[in-house]
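Q: The structure follows.
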Amino acid sequence: MRTIHVLRPRSFRLIFITFSFPLAVLGLIAALSESSFSAVACVLFGISLLARLVLHFVHRLRDDRALVSDLWLLPVRDVLICWVWCRSFFTSHVTWRGKEFDVGSDGVMRPLS
């Protein structure tokens, strides 16, 4: 993620739009915390969940792996990739193959030690 952040800084900031499931969960939590129940938030959450599942199953149809073998990992993966994206704004350090590097503003990795 840090490399994309350096190579395409303007478009990198907008990648969060592709994190539909974590955004839908946040929207659902925000809607449920209001005093009135929002049916629109639930519908949008359902559409986001359905789209994510369809994307998973379409990808799995091309593979020889079972369709539902690691279905439980979808929310974990989506939340982790969102966390990595958020973290990339606050650090320029990268651990690669057990070694620490600093990524400069020019995108070049330099060893820290």
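The values are calculated or read from the model by the stated rules, or taken from the named source; none is laboratory data. Nothing here was measured: the structure is a model prediction, and the numbers come from that model. As a convention, Cβ positions derive from the backbone with ideal geometry for all residues, glycine included, and neighbour counts pool all protein chains shown. Areas reflect the complete protein model, heavy atoms only, side chains present, ligands, DNA and RNA absent. Shrake-Rupley method; radii C 1.70, N 1.55, O 1.52, S 1.80 Å.
Q: Return only the number of the condition from (1) in a strand (DSSP E or B); (2) open to solvent by 40 Å² or more (accessible area, probe 1.4 Å) that Val94 does not satisfy.
A: (2)
Q: Regarding region 104-111, can at least one residue be identified that is in a strand (DSSP E or B) and exposed (fewer than 12 other Cβ atoms within 10 Å of the Cβ)?
A: yes
Q: Moving on to the next point. Please enumerate the residues belonging to region 55-88 that are among the charged types (D, E, K, R) and within 27 Å of Gly107 (Cβ to Cβ).
A: Arg77, Asp78, Arg87
Q: Leu71 fails exactly one of the following numbered conditions: (1) touching a residue at least 12 places away in the same chain (Cβ under 8 Å); (2) part of a helix (DSSP H, G or I); (3) farther than 30 Å from Asp102 by Cα. What is the number of that condition?
A: (2)
Q: Would you please name the residue that is farthest from Leu73 (Cα to Cα), looking only at residues in region 4-50 that are open to solvent by 50 Å² or more (accessible area, probe 1.4 Å) and touching a residue at least 60 places away in the same chain (Cβ under 8 Å)?
A: Only one residue fits best here, namely Leu7.
Q: Does region 67-87 contain any residue that is in contact with a Ser or Thr (Cβ under 7 Å, 6 or more places away or on another chain), under 26 Å from Arg8 (Cβ atoms) and open to solvent by less than 90 Å² (accessible area, probe 1.4 Å)?
A: So far as region 67-87 goes, no, none of its residues is in contact with a Ser or Thr (Cβ under 7 Å, 6 or more places away or on another chain), under 26 Å from Arg8 (Cβ atoms) and open to solvent by less than 90 Å² (accessible area, probe 1.4 Å).
Q: For region 77-113, which positions are at pLDDT 85 or above and touching a helix residue (DSSP H, G or I) at 6+ places or on another chain (Cβ under 8 Å)?
A: Of everything in region 77-113, those that are at pLDDT 85 or above and touching a helix residue (DSSP H, G or I) at 6+ places or on another chain (Cβ under 8 Å) turn out to be Asp78, Val79, Cys82, Trp85.
Q: Would you please list the contacts, defined by Cβ atoms under 9 Å and residues six or more apart or on different chains, that run from a residue in region 90-105 that is within 17 Å of Val6 (Cβ to Cβ) to a residue that is acidic (Asp, Glu)?
A: Ser92/Asp102; His93/Glu100; His93/Asp102; Val94/Glu100; Val94/Asp102
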